[in-house]
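Chemist: Here it is, the structure, as structure tokens.
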Amino acid sequence: MLYREAGDFKTSYAADQQTFPIKSERYLFWAFMAFTFLVVPFIADDYWVNSILVPLLVWSMVALGLNILTGYCGQVSLGTGGFMAVGAFACYKLMTGFPELNIFIVILLSGAVTAGVGVLFGLPSLRIKGFYLAVATLAAQFFLVWMFNKFAWFYNYSASGQITAPTRTVFGIEVTGPSAPPWAAYLACLVLVFVFAWVARNLTRGRIGRSWMAMRDMDIAAEIMGVSPLYAKLSAFAISSFYIGMGGAMLFSLYLGAAEVTEAFGIEKSFSALFMVIIGGLGSILGSFLGAAFIVLFPVLLKNIMVGYFGWPTDLAAHFQIMIVGGLIIFFLIVEPHGLAQLWRLTKEKLRLWPFPY
Amino acid sequence: MNAPVDSKSLRAAEQFQLSAHQDDIAKGDVLLKVENVSLSFGGVKAISDISFDVRKGEIRAIIGPNGAGKTSMLNVINGFYHPQIGTITYRGQPRHAMRSTEAARQGISRTFQNIALFKGMSTLDNIMTGRITLQKRNVFWQALWHGPAMREDIEHRRAVEHIIDFLEIQAIRHTPVGRLPYGLQKRVELGRALAAEPALLLLDEPMAGMNLEEKEDMSRFILDVNDQFGTTIALIEHDMGVVMDISDRVVVLDYGRKIGDGTPDEVSKNQDVIDAYLGVPHDE
Amino acid sequence: MSPVVLNLIETILNGLMAGVMYSLVALGFVLIFKASGIFNFAQGVMALFAALTLVGLQTGQVPFAHLINAVLGTNLHSFGWTLPAFAAVIGTLLVMVLFAYLFEALVLKHLVNQEPIILFMATIGLAYFLEGFGDLMWGSDVKTMDVGIPSGGSFWWEDVTLGWVAEGSDYYGMYIDRLDVVAAVVAVVLVIVLTIFSQYTRMGRALRAVADDHQAALSVGISLRTIWVVVWSIAGFVALVAGIMWGSKSGVQFSLSLIALKALPVLILGGFTSIPGAIVGGLIIGVGEKLAEIYVGPMVGGAVENWFAYVVALAFLLFRPQGLFGERIIERV
């Protein structure tokens, strides 16, 4: 009986357009946010933060970015791993080149650099569509990974080809580097993801979001209505890459601490990101989070069950794991092609009517 | 059935006056002039050597049998196809390979033969998309939303709500358009075209596949748009009854050529037109 | 002839041969895309799976031995027989047909009328599933494949080319792998057979009808489900051929599934719906790649083969978005 909209009248267009139109939902959201900001850093242990919460947040950022491009603007990209690599390496070069720069500014700048690269590789989208474009974005993936591998300048000529995040502090607290406490990295991620999820919501509900969706749904009609394909597609590529670049920078600096390009940003990362947005829900902000949660948490869970509970050898568990993940993806596509976000919406619909469904 | 203009839309009209793109062309003067236009795809001639004009404030019908080149003509007018030969003068400015985006910005708006709505978006968002050329806030304001971007959006929402009232589709405001029945989709599409406050509105078979009642509704909307907003309309339609009733002047195409032009009465007495419709053997 | 020219010819010949191998994979993509509009990302993994099954059957491995041993504590490995190559090929074909049937019944049937992107994602899911399943069934160790295809350089050809050079130069003759020649012949035969099948048989006509318009094909009484099973079986067959060739060349292992990525630029070059396109595109990419490796690679530090094909295809697309053999797109509203 908590979830009610009766008596919750909208008297202005602003109220009609807000993110959480139902009052109880709004309260719930803010309570949850307060929990994640104020309580989680104190109660979560290092294992939870390091292997679940931080990767979850980092991948949410990436999924948000890809969802803007694929879910809202309809351009399928398989170059996510490459763009994350751009963010990570930009972050590394900025951190080592300008040691006094605040880590948040570094991450934002890394996103900006990636946005530029994204626009460059988005140019083909003006000529080609659909799967042709998807394959074309693979060119970005392979070329970028090759480039970061080949030119030692990018990894400061380190012998291993690895990049390692130096220690940086915010308000005197270490957030990156080997001795940074996990909760600090968690909070840094949380702040970034919170702010940019809000930005993504803003962008997608206004004029730009509408022009993206128009491009996605019917590009010719959109063009005739005055949506410039050049502007709509390239802005989607830029903003999407901005998010993905920040995600890559966060993955490197706040989560892994060190990275090697072929291992950390390979083609399978591009697929993971695509799975996240499809399973979570194309064209949904919430879906980006749900999808990231699913793809990050599920393997951890499976591994714990098979290795920890059944005591199977790890290679056997690994085979089972990719098999089950593959099977589940197909299962989800069959059951709900619009993703977890749609399931959530349907649940809410039911809740609104409960207990009198008719 | 409702009266042509019900009290609700009148009230809305008082509060917010929607109008056609402003320009200094007087009513009755030539708004758009098509001269000697030819268009072909590979070897196929879609349009050959057609000239006609559209005067400001009129309803101009383009008729002709299937495959006569009517839709291609609209595509040429709004810059989607570029004719190989011929000139198009819009508002006194001759233009060449103009992109359709640019045409939209200059106040040419249209609907489509096969509905081309944005299926994943709600009715409201579809119609709001029609106002994209009128919204100006840049990406940074949009990212912040609260403040100028929201104010601008709400201002345009008000205009769109007026159109929603006008077309009597209040109840489906938040429904994804993919779920709507055909007739309503056509109406939403008209709304989307109207939202751009066009100087020239192109309608490609606005009544195709409709029953009598829906046709009456649609005719009423078209006349009201022309009357209330002063919008110039060029439309393609197969239903002769409707065309003769609502249009001021008619141009008739057949096999990519113009075979008649004039008021509905003149055209219906034209021997070539009668032949084309009754089917006289062609000698090409 | 001077050795420089002969080296160039050798590079081009080897490029053409490599291209044929790419074409073999691309062919599988084209078949499925034409018939069902599905961009089948799992084609490479299907080739891997077919090759694994072939080797497994031939050497008499116990399927799922690893799993059974882990769960039941047994120590199974092999049935202890060796099948002739021919029988193993037939057995594998049956497995691929069964796979096509199951995939249609369990997955495709439920995804009719979904958007292409959803179907594409489903095939990525299938790729993951099949990869895990193949490893689980046959183990993930590298296997050698021997179905009796000759391999290694052709001495005869080396001698012939040696005769073309002036006496006394330090040229050693041209190296052509016999396996590549066999692959080229097989590819040609395959294309001819497929063309005959699609042009002159009833099933082939039905297939083309479905490719044109699902609804219309349904309305004249063509069973979409049968067609899909047939198409996926054929794709499985093509995957098997590709798997045999690639497996004989470089062993059966996970990296075999990555040849799918090599076939993608071939596809955008040749167009997704054109069988000749797949062949010609493959040849262009093969030659381009080999030439680039020799003439461009040293300039930028080598290892360009990973992305070079993509860049070529991309540059090409900018000028001809519909691919080499695709039909010109006229957009209409």
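The values are calculated or read from the model by the stated rules, or taken from the named source; none is laboratory data. This structure is a prediction, so every number in the text was calculated from the model and none was measured. Reconstructed Cβ throughout: ideal geometry from the backbone, glycine too, with neighbour counts over all protein chains shown.
Chemist: Given the conditions (1) farther than 28 Å from C:LEU52 by Cα; (2) within 17 Å of the chain's Cα centre (by Cα); (3) surrounded by fewer than 17 Cβ atoms within 10 Å (Cβ to Cβ); (4) within 13 Å of chain A (Cβ to nearest Cβ), and given that C:PRO276 satisfies all but one, which numbered condition is not satisfied?
Modeler: (4)
Chemist: Residues C:VAL296, C:VAL266: which one is within 14 Å of another protein chain (Cβ to nearest Cβ), over 21 Å from C:TYR128 (Cα atoms), touching a residue at least 12 places away in the same chain (Cβ under 8 Å) and touching a Gly at 6+ places or on another chain (Cβ under 9 Å)? Can you show your working first?
Modeler: Values: C:VAL296 fails: touching a Gly at 6+ places or on another chain (Cβ under 9 Å).
Testing whether each residue is within 14 Å of another protein chain (Cβ to nearest Cβ), over 21 Å from C:TYR128 (Cα atoms), touching a residue at least 12 places away in the same chain (Cβ under 8 Å) and touching a Gly at 6+ places or on another chain (Cβ under 9 Å) leaves just C:VAL266.
Chemist: Which one of C:LEU52, C:LEU24 is in contact (Cβ under 8 Å) with a residue 12 or more places away in the chain, part of a helix (DSSP H, G or I) and in contact with a strand residue (DSSP E or B) (Cβ under 7 Å, 6 or more places away or on another chain)?
Modeler: Numbers: C:LEU24 fails: in contact with a strand residue (DSSP E or B) (Cβ under 7 Å, 6 or more places away or on another chain).
Just a single option satisfies the conditions, and that option is C:LEU52.
Chemist: How many residues are free of Cβ contacts under 8 Å to residues at least 12 places away in the same chain and assigned to a loop (DSSP other than H, G, I, E, B) if we restrict to segment B:235-282?
Modeler: Number satisfying all stated conditions: 3.
Chemist: Hey, B:GLY92 hits all of (1) small (Gly, Ala, Ser); (2) out of contact with any helix residue (DSSP H, G or I) (no Cβ under 8 Å at 6 or more places or on another chain); (3) within 19 Å of B:GLU161 (Cα to Cα) but one; which does it fall short on?
Modeler: (3)
Chemist: Of all residues being in contact with a helix residue (DSSP H, G or I) (Cβ under 6 Å, 6 or more places away or on another chain) and in contact (Cβ under 8 Å) with a residue 40 or more places away in the chain in segment C:140-152, which is nearest to the other protein chains (Cβ to nearest Cβ)? Just the residue, please.
Modeler: The first filter runs over segment C:140-152 and keeps only residues in contact with a helix residue (DSSP H, G or I) (Cβ under 6 Å, 6 or more places away or on another chain), leaving C:143, C:145, C:147-151.
So of that shortlist, the ones also in contact (Cβ under 8 Å) with a residue 40 or more places away in the chain come out as C:143, C:145, C:147-149, C:151.
Values: C:LYS143: 16, C:MET145: 21, C:VAL147: 26, C:GLY148: 30, C:ILE149: 29, C:SER151: 29 Å.
Only one residue fits best here, namely C:LYS143.
Chemist: Quick one: which helices (runs of 4 or more DSSP H) sit completely within segment A:251-358 and have at least 3 residues that are under 25 Å from A:LEU108 (Cβ atoms) and either in contact with a helix residue (DSSP H, G or I) (Cβ under 6 Å, 6 or more places away or on another chain) or touching a residue at least 40 places away in the same chain (Cβ under 8 Å) (or both)? Let's see the steps before the verdict.
Modeler: Numbers: elements: A:261-264, A:267-280, A:285-303, A:314-335, A:339-353.
So the answer is A:267-280, A:285-303.
Chemist: Then there's this: Kindly establish whether C:GLY134 is within 14 Å of chain A (Cβ to nearest Cβ), crowded, with 24+ Cβ neighbours inside 10 Å, under 29 Å from C:VAL193 (Cβ atoms) and not hydrophobic (A, V, I, L, M, F, W, C). First the steps, then the outcome.
Modeler: Details: within 14 Å of chain A (Cβ to nearest Cβ): yes; crowded, with 24+ Cβ neighbours inside 10 Å: yes; under 29 Å from C:VAL193 (Cβ atoms): yes; not hydrophobic (A, V, I, L, M, F, W, C): yes.
Answer is yes for this residue.
Chemist: Another one. If you check C:VAL287 against the conditions, is it more than 25 Å from C:GLU131 (Cα to Cα) and surrounded by fewer than 19 Cβ atoms within 10 Å (Cβ to Cβ)? It would help to see each step written out before you state the result.
Modeler: On the way: more than 25 Å from C:GLU131 (Cα to Cα): yes; surrounded by fewer than 19 Cβ atoms within 10 Å (Cβ to Cβ): no.
No.
Chemist: Still on this model: Only one of (1) at pLDDT below 90; (2) within 11 Å of chain C (Cβ to nearest Cβ) fails for A:SER270. Which number is that?
Modeler: Tallying (1) at pLDDT below 90; (2) within 11 Å of chain C (Cβ to nearest Cβ), A:SER270 fails exactly one: (1).
Chemist: Another question about this same structure. Collect the residues in segment B:122-157 that are part of a helix (DSSP H, G or I), within 21 Å of A:MET225 (Cα to Cα), out of contact with any Lys or Arg (no Cβ under 9 Å at 6 or more places or on another chain) and more than 7 Å from chain A (Cβ to nearest Cβ), keeping them in residue-number order.
Modeler: Answer for segment B:122-157, where residues must be part of a helix (DSSP H, G or I), within 21 Å of A:MET225 (Cα to Cα), out of contact with any Lys or Arg (no Cβ under 9 Å at 6 or more places or on another chain) and more than 7 Å from chain A (Cβ to nearest Cβ): B:LEU134, B:GLU155.
Chemist: A follow-up question, please. In this structure, is A:PHE289 surrounded by 22 or more Cβ atoms within 10 Å (Cβ to Cβ), among the aromatic types (Phe, Trp, Tyr) and farther than 18 Å from A:MET323 by Cα?
Modeler: Working: surrounded by 22 or more Cβ atoms within 10 Å (Cβ to Cβ): yes; among the aromatic types (Phe, Trp, Tyr): yes; farther than 18 Å from A:MET323 by Cα: yes.
Considered against the rule, which asks whether it is surrounded by 22 or more Cβ atoms within 10 Å (Cβ to Cβ), among the aromatic types (Phe, Trp, Tyr) and farther than 18 Å from A:MET323 by Cα, A:PHE289 comes out as yes.
Chemist: For C:VAL30, indicate whether it is surrounded by fewer than 24 Cβ atoms within 10 Å (Cβ to Cβ), touching a helix residue (DSSP H, G or I) at 6+ places or on another chain (Cβ under 9 Å) and either more than 21 Å from C:ALA309 (Cα to Cα) or of a type outside the set (Lys, Arg) (or both). Walk me through how you get there before you give the answer.
Modeler: Working: surrounded by fewer than 24 Cβ atoms within 10 Å (Cβ to Cβ): no; touching a helix residue (DSSP H, G or I) at 6+ places or on another chain (Cβ under 9 Å): yes; either more than 21 Å from C:ALA309 (Cα to Cα) or of a type outside the set (Lys, Arg) (or both): yes.
Here the answer is no, as C:VAL30 does not meet what is asked.
Chemist: Turning to a different aspect of this structure: Looking only at segment B:82-104, which residues are within 14 Å of chain A (Cβ to nearest Cβ) and among the hydrophobic types (A, V, I, L, M, F, W, C)?
Modeler: Once the filter is applied, which keeps residues that are within 14 Å of chain A (Cβ to nearest Cβ) and among the hydrophobic types (A, V, I, L, M, F, W, C), segment B:82-104 yields B:MET98, B:ALA103, B:ALA104.
Chemist: Could you say whether any residue in segment A:225-237 is more than 12 Å from chain B (Cβ to nearest Cβ) and either assigned to a helix (DSSP H, G or I) or surrounded by fewer than 23 Cβ atoms within 10 Å (Cβ to Cβ) (or both)? Even if it seems obvious, please write down each step before you answer.
Modeler: Within segment A:225-237, the subset more than 12 Å from chain B (Cβ to nearest Cβ) is A:233, A:237.
Okay, now just the ones that are also either assigned to a helix (DSSP H, G or I) or surrounded by fewer than 23 Cβ atoms within 10 Å (Cβ to Cβ) (or both), so A:233, A:237.
Scanning segment A:225-237 turns up at least one residue that is more than 12 Å from chain B (Cβ to nearest Cβ) and either assigned to a helix (DSSP H, G or I) or surrounded by fewer than 23 Cβ atoms within 10 Å (Cβ to Cβ) (or both).
Chemist: Run down C:VAL311, C:VAL252, C:VAL266 and say which single residue is surrounded by fewer than 23 Cβ atoms within 10 Å (Cβ to Cβ) and farther than 30 Å from B:THR71 by Cα. Can you show your working first?
Modeler: On the way: C:VAL252 fails: surrounded by fewer than 23 Cβ atoms within 10 Å (Cβ to Cβ); C:VAL266 fails: surrounded by fewer than 23 Cβ atoms within 10 Å (Cβ to Cβ).
The match here is C:VAL311.
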